Amino acid sequence: MKKLISAALALAMAAMCFVGCGSSASSAPASSEAGSQAASAEGAGVPAEDIKVGVIHIGDPAAGSGYSYAHDQGIVAMQQTLGLSDSQIIRKNNISDSDTTAIENAMMECIEEGCNIIFATSWGYMDTCEKLAEEYPDVLFCHGTGYKSNGTNFNNYFGRIYQSRYLSGVAAGLKTESNMIGYVGAMGQENGEVTSGIDAFAMGVESVNPDAKVYVKITNSWYDPEGESQAAKALIDMGCDVIGQHCDTPNPQLEAEKAGVWGVGYNSDMTKDAPGAVLCSVEWNWGAFYTQAVQNVIDGTWVIGEHVDNYFGDMADGLVVLSDLSDLCADGTADAVQAAEDKILSGEWDVFDGKTEIEDNAGEMHTVEGADYGSINWYYRNVVQAG
């Protein structure tokens with residue numbers, strides 16, 4: 001089965017489909033000297049040869065898998081598509097998103113090196129982006145995930161990753177033999193980014209296997225390699241024979257492979273990490289966003305200090321994809337996944353459509369539109385909190 005949307009097609013579609021999600025404008029203080037070189041005058045944009053891009057990573061992309069790797073692959077795609085030189089990309093790696101001093105220092109280094117636009121890729125960078133955006137109104141701060149923005153030089157970007165998570169749940173539901181599916185989550189029920197993904201995955205499971213349940217263990221950290229391994233081991237010891245995840249490293253998939261069970265990867269295709277376990281991986285094609293964001297600054301479509309949109313992409317514009325299904329998948333998986341994909345892409349149906357009532361595991365009913373994923377603080381009816 002081919003990848004749902006190829007990277008090349010995704011970039012082309014993103015150029016046509018890049019739209020805002022309604023950010024609110026706020027006033028900005030006078031430009032500082034350090035940020036003044038980044039100004040785009042009267043919508044003229046920044047010449048491609050002059051633009052400089054900063055990227056703040058919570059991990060090291062050199063790990064070759066997982067969250068930071070996926071983001072950096074998007075940066076690489078953007079650089080190649082737009083023809084930027086290596087000197088125009090400033091990377092700051094291994095910046096803990098719980099260390100505000102390290103975050104601010106990394107961003108300030110990007111500003112001092114002349115960056116016009118800074119991509120801050122982790123949730124915990126949000127407040128520092130907000131603070132520095134006020135101090136440096138001529139620099140564009142783009143924050144991955146989160147919910148804050150000011151409409152002028154600070155936006156957020158994310159997407160309907162739950163669409164691909166639903167599809168991966170179909171694969172997991174058809175594969176399980178114990179009807180116990182594990183899920184390692186970075187944050188608890190109060191975090192809509194993680195919880196919406198768990199619910200979408202669980203809905204996909206139920207669509208093909210109403211008898212299966214999804215057992216969730218939380219690490220309370222976006223990046224905790226050891227904690228992710230321990231959570232996966234605990235779920236496997238409980239009897240879970242498929243392990244999904246919303247965490248940064250491939251460690252849950254490695255534990256699944258060691259135990260002789262199966263898994264669903266996240267961020268990048270984890271088949272290369274655990275070929276004996278991974279059924280498929282829920283992936284971000286961040287290049288779809290990064291390419292268009294930088295192009296908007298070059299073109300003056302986004303005028304830094306005057307108008308910058310938020311971004312919430314989906315499967316149709318290539319931001320979210322499902323990897324190729326591995327040979328480990330159960331018979332019939334490809335057809336079932338394709339049928340669900342077709343419904344989503346046609347607009348006939350979506351996981352969170354704002355109309356359909358969804359029952360949580362306490363028996364309460366909810367309706368939610370996907371763009372409001374942050375409000376999802378409940379687990380779907382077949383989800384069990386495993387501790």
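The values are calculated or read from the model by the stated rules, or taken from the named source; none is laboratory data. In this text, all values refer to a predicted model and were calculated from it rather than measured experimentally. For neighbour counting, all protein chains shown are included, and Cβ atoms are generated from backbone atoms with ideal geometry for every residue, glycine included. Remember, those area values only see protein heavy atoms, side chains included, never the ligands or the DNA or RNA. Shrake-Rupley method; radii C 1.70, N 1.55, O 1.52, S 1.80 Å.
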Return the long-range amide H neighbours of Gly244 (sequence gap of 5 or more, or a different chain), with a cut-off of under 5 Å between placed amide H atoms. Gly182, Tyr183, Val184, Val264
Report, by chain and number, residues whose modeled amide H sits under 5 Å from the one on Lys52, excluding near sequence neighbours (fewer than 5 apart, same chain). Asn116, Ile117
GluC sites (Glu not before Pro) in region 164-224 lying in a DSSP loop, each with at most 16 other Cβ atoms within 10 Å of its Cβ, come to Glu177, Glu190
In Å², and per residue, what accessible area does region 238-387 have when probed at 1.4 Å with the other protein chains present? 36 Å²
Segments 340-353, 72-85, 259-272 sorted - mean Cβ within 10 Å per residue, highest first: 259-272, 72-85, 340-353
Karplus (6.51, -1.76, 1.60) ³J(HN,Hα), θ = phi - 60°, over region 136-153, in Hz, Gly and Pro reported as x: 10, x, 9, 10, 8, 9, 10, 9, x, 6, x, 9, 8, 6, 10, x, 10, 8
Acute angle (nearest 10 degrees) that the helix 161-175 long axis makes with the longest principal axis of the chain, alpha-carbon atoms: 20 degrees
³J(HN,Hα) across region 62-78 via Karplus (A = 6.51, B = -1.76, C = 1.60, θ = phi - 60°), whole Hz, x for Gly/Pro? 5, 4, x, 6, x, 5, 5, 4, 4, 4, 5, 4, x, 5, 4, 4, 4
Per residue of region 86-96, what does 6.51 cos²θ - 1.76 cosθ + 1.60 with θ = phi - 60° give for ³J(HN,Hα)? Whole Hz please, x for Gly and Pro, Karplus curve as stated. 4, 5, 8, 10, 10, 9, 10, 9, 6, 9, 4
Report the full-extension gain for the segment Lys355 to Glu190: residue separation times 0.36 nm, less the Cα-Cα distance, to one decimal in nm. 57.2 nm
Could you order peptides 332-338, 362-368, 127-133 by the average number of other Cβ atoms within 10 Å of their residues, highest first? 127-133, 332-338, 362-368
Could you report region 63-132's accessible area per residue, 1.4 Å probe, as an integer in Å²? 38 Å²
quick note, the chain, DSSP beta bridge pairs, % antiparallel (nearest 5) is 15 percent
For a quick protection proxy, order the peptides 376-384, 94-102, 214-222 by their average other-Cβ count within 10 Å, most packed first. 214-222, 376-384, 94-102
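What is the percent carbon and sulfur in the accessible area of the chain, measuring with a 1.4 Å probe over the protein chains and ignoring ligands?
That share works out to 47 percent.
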Debye log10 I(q)/I(0) for region 114-155, one point scatterer per Cα, at q = 0.17, 0.25 Å⁻¹: -0.34, -0.75
